[in-house]
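Report on the structure given below.
The values are calculated or read from the model by the stated rules, or taken from the named source; none is laboratory data. This structure is a prediction, so every number in the text was calculated from the model and none was measured. Here the Cβ positions follow ideal geometry from the backbone for every residue, glycine too, while neighbour counts run over all protein chains shown. Calculation scope for accessible area: heavy atoms of the full protein, side chains included, ligands and nucleic acids excluded. Shrake-Rupley method; radii C 1.70, N 1.55, O 1.52, S 1.80 Å.
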Amino acid sequence: MTAKPALRQGWEAFARPASVNQRRYEAVRAYVLEGAPLGEAAARFGYTRSALASLVRDFRAGKLALFAEPGRPGRKSAPRKDAARGRVIELRRAGLSVYEISARLAAEGTPLNRTGVGQLLAEEGFGRLLRHPEPEASISPATAGRATNLPPAKVIDFAAFPGTASTRLAGLLLAVPDLVALDLPALASKAGYPGTRVIPAASWLLSLLALKLTATRRVSHVDDLLDDPASALFAGLAILPKKSALTSYSYRLSHDHQRKFLAALDQKMIAAGLAGHDEGIFDLDFHAVMHWGNDPALEKHYVPTRSQRARSVLTFFAQDSGTHNLVYANADLSKATQAREVIAFCDHWKAASGKDPKMLVMDQKVTNQAVLGELDARGVKFLTLRMRSAALIRHIADLTSKDYKTVALNRPGPHNKPRVHQDKAVKLTSYPGTVRQLIVTGLGRDQPTVIITNEEQATVRNLISQYARRMTIEQRLAEIIRSFCADALSSTVNLNVDLDIMLCVLAQALLAAFRTRLGAGYATATPDTLQRRFLDSSGTISVRGDQVTIQIDRRAYSPVLRQASLPPDTTVPWWHGRRLHFEFS
């Protein structure tokens, strides 16, 4: 027999490993490579049989990391930041902002950009620099300079409000006259929105609405508005609620609150001529708000911007075809209920206006044939597309040029003379009766468009024109997504999405009303244009007695505001009856 070699110096480091990763490695190696029995290998390195079996299973599945990753190449220190650290802390304690500190360092010959200054301040425990309210309201023993502890939100006290204050959000208050015209406190009361001991329901809604009108992407970015007096004045508060408070409030609300609010809002819009203009014709569509996390509770829907199915929140919108204003939205949908959302909208509109919609124009995926039969029995006309089955494709292929008739549409562009074949009585699989079918070519698509409807009286030209107008809802949804950040779901959903979508409808209605005040030149202006040119304006707030004067700084569009039909004075209920007055430089 061959004698066992003597142990060499340092053998203890391998037989009795000190680190966790090495102990795991030696135990797994003994079992997998050396062939030691499971119990013996486990006992040798201080594991139980089940613990070592679990480690081996994870190792074989590629889930056990036994070795640390090698270090990444590159700089391991930041000499400029380290050299400027003391000076940055000194300047912050003197009350300078990130921008001011960066400019001061550049003037002193030790430049450091704003990102570096911000990172350095965060490492040292400094938060955002508060500029408004006055410094006395933000003194904290934690810092020698301005503190970052913000006062709690509460109803505004005009006695403590400064006589004159500068603001970068003076234009936000341009929406107040139309909010008063809509009587927002009454809408909140009808919907049953709850208030709190300190903040009334209307101020909660106004705080969230301020985020939409200023295109603030997420509720977690409300900090960007907290240091400006105009945002708090807009909501009738001393300062806006913080992110955690807004998030908590949003999840106190149910879909029933949003449904009642939209019903009351639609009544106001009908009275103001902002809806119901085109005899109750509405365009319907879905929009999937993509979720960037991995929430198993969310269903997968097709997201056009990603060209794939992904976990998302499915939302439903209805647009008045005549005014192009949104009148309904719902984010409380699932795959099981989405086909019946058209019926829910009919019930909503009947409750708001007293009668069913005259016609619904929609894509083929909005509902199914059985629900179309319910609409027909209810007396609601529909105009939608038909899915192309194998039999339908064969039918289209059998048509000749003599079977089509040219129709001239009253619209510009190269596709205003499509060719149409009409079948007046077509039987569908799950539809109880027959429908009128139009096979249309020459609309700019590779394949013919197949339109079905239960409208027997309208001409072919009017039906095609009406469906072509439906494409505007896709444009309006794109405007809302861009202007009101309706697709801002992230890995953490910080706001009730149903409430968020309802606020988009309210914000769009406000800007539609504001657009009418600006005259014919802005009849087709998009919300982001109004935000950029008017709402995003700086100015000065002056409080004298019972009058609050907003002087908006001179800009290229000041003449438009001077000629707009803004009321000379507006009594604002959430300002304790004080009057709002505008002045334009």
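From the helices alone, meaning DSSP H stretches of at least four residues, give me the mean residue ellipticity at 222 nm for the chain, per-run term -39500 (n - 2.57), in deg cm²/dmol to the nearest 500.
-11500 deg cm²/dmol
Size of the range 286-376 along its principal axes in angstrom, Cα-based, largest extent first?
Per principal axis, max minus min of the Cα coordinates gives 43, 29, 21 Å.
Out of the range 391-463, which trypsin sites (Lys or Arg not before Pro) are coil in DSSP terms and have no more than 13 other C-beta atoms within 10 Å?
Arg445
Binning at 5 angstrom from zero up to the longest distance, how are the C-alpha pair distances of the range 388-520 distributed in percent?
2, 8, 14, 15, 13, 10, 11, 12, 9, 5, 2, 0
Using a Förster distance of 51 Å, how high is the FRET efficiency between Gln308 and Arg554, based on the Cβ-Cβ distance and rounded to 0.05?
It comes out at approximately 0.60.
Using only Cα atoms, what Kirkwood radius does the range 370-416 have, in angstroms?
It works out to 14.3 Å.
In 5 Å bins starting at zero, report the fraction of Cα pairs in the range 362-440 per bin as a rounded %.
3, 12, 20, 23, 18, 14, 9, 2
Amide H neighbours of Phe382 under 5 Å, at least 5 residues apart or on other chains, H built in the peptide plane: list them.
Sorted by chain and number, the residues that satisfy this are Leu360, Asn454, Glu455.
Using the beta-carbon distance between Asp363 and Ser254 and R0 = 35 Å, what value does 1/(1 + (r/R0)^6) give for FRET efficiency, to the nearest 0.05?
For R0 = 35 Å, the calculated efficiency reads 0.75.
Given a 1.4 Å probe and every protein chain left where it sits, what share in percent of the accessible area of the chain is carbon and sulfur?
After summing per-atom areas, the C and S share lands at 51 percent.
For the range 355-395, just the Cα atoms, rotate onto the principal axes and tell me the three extents in Å, largest first.
For the range 355-395, the Cα spread along each principal axis is 41, 16, 15 Å.
Taking a temperature of 37 °C and a viscosity of 0.692 mPa s, what whole-number D in µm²/s does Stokes-Einstein yield for the range 292-331 with Rh from Kirkwood over alpha carbon pairs?
Here the translational diffusion coefficient equals 275 µm²/s.
Need one number: convex hull volume per residue for the chain, Cα atoms only, in Å³.
Expressed per residue, the convex hull around the Cα atoms of the chain is 283 Å³.
For the range 350-356, take each phi angle, set θ = phi - 60°, evaluate the Karplus expression 6.51 cos²θ - 1.76 cosθ + 1.60, and give the result in whole Hz per residue in order, putting x for glycine and proline.
Ordered by residue, 3J(HN,Hα) equals 5, 5, 7, 10, x, 8, 5 Hz.
For labels at Trp292 and Ala103 in the simple 7 Å Cα→Cβ model, what's the distance in nm?
Reported label-point gap for Trp292 and Ala103 is 3.2 nm.
Based on DSSP, what percent of beta bridges with both residues in the range 495-585 are antiparallel, to the nearest 5?
Restricted to the range 495-585, the bridges split so that about 55 percent are antiparallel.
Once you compute Rg and the Kirkwood Rh from C-alpha atoms, what is the Rg to Rh ratio for the range 461-585?
Ratio of gyration radius to Kirkwood radius for the range 461-585: 1.06.
Over the alpha-carbon set of the range 155-223, work out the extent along each principal axis and list the three values in angstrom, largest first.
Here the Cα extents, ordered largest to smallest, are 36, 32, 26 Å.
Compute the whole-percent fraction of alpha carbon pairs in the range 207-313 spaced more than 22 Å apart.
Cα-Cα pairs in the range 207-313 separated by more than 22 Å: 57 percent.
Would you work out which of Leu52, Met387, Met269 lies farthest towards the positive end of the dipole of the chain, given +1 charges on the beta-carbon of Lys and Arg and -1 on that of Asp and Glu, about the Cα centre?
My answer, from the dipole projection, is Leu52.
Which residues' amide hydrogens lie under 5 Å from the amide hydrogen of Thr526, considering only partners 5 or more residues apart or on another chain, with H built in the peptide plane?
For Thr526, no residues qualify.
Roughly how many Å² is the accessible area per residue of the chain, as a whole number, for a 1.4 Å probe?
50 Å²
Once you keep just the Cα pairs under 8 angstrom separated by 6 or more residues, what percentage relative contact order results for the chain?
So the answer I get is 14 percent.
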